[in-house]
Amino acid sequence: MNETIGKQPVSQSVEPPVEPQGAPPVEPSAQGARGLISRYWWVVGLLITVVVVIFAAAFASSDPDGLERVAEDKGFLDAAQGSSYEIIPGYTVPGIDGTVSTIIAGIIGVAIVFAVVFVLGRIMARRRAGRA
C-alpha cells in the first residue's frame, strides 16, 4: 500500500508522532503551573466579573429603564403589576444607601448566578460520567 511521490515512498498508514530522543523532559513545576491555571480558570472569571460589577455600579442610573420610561410617557405605568417576588428589589440592599448598596446587590447577583451554573455543571458532569 505504498505509493511513490517523487523519489520518496509514501505510506498510507498514519502513525503517531515520535518524540525526538534526547529532548528535555517537561519539568513538573511547568506542568503544575499549567494544571493550576486550567483547573482554577473559573476563579479568574469570577474575579473579573466582580471587578466589572464594582466599576459598573458607579455608572448605574437612577432613571427608569426603557420599558418603564415608555410606560410612564404613555400613561399606563399605574396599570403595571408588580412581580410576585424580588430577590434584590430595585437592585439595592435594604438598609444600605448609595453606590455601596448597588455594588453589594450586584455581587449577590453574581454569586446567585455562579451557584446555579456551578450546580448545573456538576449535575451535567455526573450524568456524562454515568454514560461513559
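One table, with the values for the structure above:
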| read-out | value |
| --- | --- |
| Cβ-Cβ under 7 Å pairs, at least 6 apart or on other chains, the stretch 44-63 side farther than 16 Å from Val113 by Cα, far side surrounded by 10 or more Cβ atoms within 10 Å (Cβ to Cβ) | Ile54/Ile103; Ala57/Thr99; Ala57/Thr102; Ala57/Ile103; Ala57/Gly106; Ala58/Thr99; Ala60/Thr102 |
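Matching residues to (1) in contact (Cβ under 8 Å) with a residue 24 or more places away in the chain; (2) more than 30 Å from Ala58 (Cα to Cα); (3) not in a helix (DSSP H, G or I):
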site: Gln81; (1), (2), (3): no, no, yes
site: Tyr85; (1), (2), (3): no, no, yes
site: Ile96; (1), (2), (3): no, no, yes
site: Ile103; (1), (2), (3): yes, no, no
site: Ile108; (1), (2), (3): no, no, no
site: Val113; (1), (2), (3): no, no, no
site: Phe118; (1), (2), (3): no, no, no
site: Met124; (1), (2), (3): no, yes, no
site: Arg127; (1), (2), (3): no, yes, no
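For every residue, the table says whether it meets (1) in contact with a Lys or Arg (Cβ under 8 Å, 6 or more places away or on another chain); (2) modelled with pLDDT of 80 or more; (3) not hydrophobic (A, V, I, L, M, F, W, C).
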position: Ser38; (1), (2), (3): no, no, yes
position: Trp42; (1), (2), (3): no, yes, no
position: Pro64; (1), (2), (3): no, no, yes
position: Asp73; (1), (2), (3): no, yes, yes
position: Thr102; (1), (2), (3): no, yes, yes
position: Val110; (1), (2), (3): no, yes, no
position: Arg128; (1), (2), (3): no, yes, yes
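The values are calculated or read from the model by the stated rules, or taken from the named source; none is laboratory data. No experiment lies behind these values; they were computed from the predicted model shown. In this analysis, Cβ positions are derived from the backbone assuming ideal geometry, glycine residues included, and neighbour counts consider all displayed protein chains.
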